[in-house]
Amino acid sequence: MKFKNNALALDAADLKILGVLQEDARQTYTAIGRRLGMSHSTVYDRIKRMERHGIIKKYTTVIDAEKAGAKNITAVMTVFTDPKESEKVAEKLCEAPQVLEVYTSLSEELLIIAKVVAEDQESLHAFIADSVAPLPGVLRIRTSMVTKKFKETLFSMANSPKKLAFVEENRDEMGENKL
């Protein structure tokens, strides 16, 4: 890990460590080091540095909600807003526990896209009608119910554009399967 133009630049070892941690963050530093051919102290130092600089934000558990008995419905909500109020609307949506993700998109108009979960259609309707529609700046809302999930993935170093670019740039010196 180096500083490049005042920004943190990850090297191949950092990317490898992040990839291994994303597979299983409960591994010991020794196990990670053994797997990657690094010493325990190198792995420890690099992980601590990435934590300090906010690259590793937290360690968490990914739960399969359906297997855990939660039978929620998921919807993707597109909120059309007055451009002057869109950031405030997005911030308000971030506060709601039903909202899992919030994005803004500039296309023909400014949109806020949110992934929402609810116990059932009635509670989804109540959330939208009581909590989203009354927000200042909301012009209209389009909601699409998710009927079948084909893929749901968290960000992974395995498919990171930065890692893929790094691999392309360093393919000759690193060989095909070094990362």
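Bear in mind that the values in this text are calculations on the coordinates, not laboratory data. Values in this document were obtained by computation on a predicted structure and should not be read as measured data. Note: ideal-geometry Cβ built from the backbone for every residue, glycine included; neighbour counts use all protein chains shown.
Name every residue in the range 104-119 that is part of a strand (DSSP E or B) and surrounded by 11 or more Cβ atoms within 10 Å (Cβ to Cβ), in order of residue number.
THR104, LEU110, LEU111, ILE112, ILE113, ALA114, LYS115, VAL116, VAL117, ALA118
Kindly establish whether ALA65 is in contact with a strand residue (DSSP E or B) (Cβ under 9 Å, 6 or more places away or on another chain), within 30 Å of GLU122 (Cβ to Cβ) and exposed (fewer than 13 other Cβ atoms within 10 Å of the Cβ).
So ALA65 passes the test.
Any idea how many residues of the range 39-50 are touching a helix residue (DSSP H, G or I) at 6+ places or on another chain (Cβ under 7 Å) and in contact (Cβ under 8 Å) with a residue 24 or more places away in the chain?
Selection size over the range 39-50: 5.
Looking at GLU109, GLU91, GLU66 in this structure, which one is of a type in the set (Asp, Glu) and closer than 30 Å to ARG26 by Cα?
Residue meeting the stated conditions: GLU66.
Considering only the range 4-29, state which residues are among the polar types (S, T, N, Q) and surrounded by 13 or more Cβ atoms within 10 Å (Cβ to Cβ).
GLN22, GLN27
What about PHE150, is it under 21 Å from the mean Cα position of the chain (by Cα) and of a type in the set (Phe, Trp, Tyr)?
It is true that PHE150 is under 21 Å from the mean Cα position of the chain (by Cα) and of a type in the set (Phe, Trp, Tyr).
Report whether or not GLU122 is surrounded by fewer than 10 Cβ atoms within 10 Å (Cβ to Cβ), outside any loop (DSSP other than H, G, I, E, B) and not aromatic (Phe, Trp, Tyr).
For GLU122, the condition - surrounded by fewer than 10 Cβ atoms within 10 Å (Cβ to Cβ), outside any loop (DSSP other than H, G, I, E, B) and not aromatic (Phe, Trp, Tyr) - is met.
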